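The values are calculated or read from the model by the stated rules, or taken from the named source; none is laboratory data. Everything numeric in this text was worked out from a predicted model, so none of it was measured. Note that we place each Cβ from the backbone using ideal geometry, even for glycine, and neighbour counts take in every protein chain shown. Surface areas here come from the heavy atoms of the whole protein model, side chains and all, with no ligands, DNA or RNA. Shrake-Rupley method; radii C 1.70, N 1.55, O 1.52, S 1.80 Å.
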Amino acid sequence: MSSELQVKVAVITGAARGIGLEIAQKFHSEKYHVVILDYNKEALQDCKAKLKGKKRYSYFLCDVSKPKQIQKVFDQITSKFEAVHALVNNAGIAIFKPAQDITFEDWNDVLSINLGGTFNCSKIFYPALLKGQGAIVNIASISGVRASTLRIAYGTSKAAIMHLTKQQAVEYGNYGVRANAIAPGPVETEMAKLVHSADIRTSYADAIPLARYGTMEEISNAVYFLCSPAASFINGQIIAVDGGFDAAGVGLPSLRN
Ligand SMILES: NC(=O)c1ccc[n+]([C@@H]2O[C@H](COP(=O)([O-])OP(=O)(O)OC[C@H]3O[C@@H](n4cnc5c(N)ncnc54)[C@H](O)[C@@H]3O)[C@@H](O)[C@H]2O)c1
């Protein structure tokens, strides 16, 4: 077997920027060949320019809500590599609007990318993950753990991703492929800039015991851990990387004062 076939492969969706790009760089630093998938042409070009000259990266323009596009990527990857060892379903969009203002189109866009994309990529890459006895990490959100305003589509999609993760853990786990999810708290990225109003930022500061946003590195470390041999018996878990947001009840701001 050639050394190219033996290398560990990680597929990261929505990896042209933000948390996905950070996860891609983490796996790369751990000697993986990293496959970057994104549907934003411009962001993908910027990402390529940023990582220019670095070996062990492949780039694909691919919309995770479109199974045919993912299948094409799968065919190209598996013609070069025998197996995939990690799949991180990170691609996602956020549309924050009051429940009565969300349109059916908004709802379908959020569900088909966040939930549908996670299902599609897992299903299509499963044969290669099986060969690699790999691991899936789905990126959910604390918005899927606890409900709050404006997130009727986004929060529902993320809650569904958590249950999808458990379904995958039960079925794929039987064959040695683990599936877990990370539920990040707020992280300063382009997405957060778009949907986190001043109000939302103040509310997060009030509700998170660590009283700050998380970093992309804090998320990527947790994702990498779940794919690593150190997590070999962890399957079907949702790990909140959220500064204690999910653990906290009422009274935190007054306790601080
Ligand atoms: N930033 C936060 O505060 C936060 C908190 C919790 C969860 N998350 C989740 O983390 C993930 C990454 O978010 P981010 O903050 O880095 O956002 P981001 O918008 O900066 O990056 C998301 C990337 O996904 C890509 N993408 C979106 N739809 C796609 C599709 N259909 N096909 C392929 N690529 C697609 C985008 O082009 C973009 O490059 C998302 O799933 C998001 O819901 C983010």
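Summary of computed values
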{"item": "Conditions (1) farther than 21 Å from residue 38 by Cα; (2) surrounded by fewer than 24 Cβ atoms within 10 Å (Cβ to Cβ): number failed by residue 56", "result": "(1)"}
{"item": "Number of the exception - residue 167 against (1) in contact (Cβ under 8 Å) with a residue 40 or more places away in the chain; (2) over 13 Å from the mean Cα position of the chain (by Cα)", "result": "(1)"}
{"item": "Selection from the stretch 66-91 of residues that are open to solvent by 30 Å² or more (accessible area, probe 1.4 Å) and not in a helix (DSSP H, G or I)", "result": "66, 82, 85"}
{"item": "Selection count, the stretch 34-53, where residues are open to solvent by 10 Å² or more (accessible area, probe 1.4 Å) and either in a loop (DSSP other than H, G, I, E, B) or away from the ligand (no atom under 12 Å from the Cβ) (or both)", "result": "7"}
{"item": "Verdict on residue 195 being within 27 Å of residue 235 (Cβ to Cβ) and open to solvent by less than 70 Å² (accessible area, probe 1.4 Å)", "result": "no"}
{"item": "Residue in the stretch 221-257 that is farthest from residue 88 (Cα to Cα), counting only those that are of a type in the set (A, V, I, L, M, F, W, C) and without any contact (Cβ under 8 Å) to a residue 24 or more places away in the chain", "result": "255"}
{"item": "Test: residue in the stretch 9-28 that is more than 14 Å from the ligand (Cβ to nearest atom), basic (Lys, Arg) and part of a loop (DSSP other than H, G, I, E, B)", "result": "no"}
{"item": "Identity of the residue in the stretch 87-130, within 16 Å of the ligand (Cβ to nearest atom) and of a type in the set (Gly, Ala, Ser), that ends up nearest to the chain's Cα centre (by Cα)", "result": "91"}
{"item": "Pairs where the first residue, in the stretch 66-80, is touching a residue at least 60 places away in the same chain (Cβ under 8 Å) and more than 16 Å from residue 14 (Cβ to Cβ) and the second is open to solvent by 80 Å² or more (accessible area, probe 1.4 Å) and more than 15 Å from the ligand (Cβ to nearest atom), C-beta under 9 Å, 6+ apart", "result": "80/4"}
{"item": "Verdict on residue 253 being open to solvent by 30 Å² or more (accessible area, probe 1.4 Å) and either more than 18 Å from residue 10 (Cα to Cα) or acidic (Asp, Glu) (or both)", "result": "yes"}
{"item": "Matching residues, the stretch 168-200, being in a loop (DSSP other than H, G, I, E, B) and either β-branched (Val, Ile, Thr) or near the ligand (Cβ under 10 Å from one of its atoms) (or both)", "result": "177, 185, 186, 188, 189, 196"}
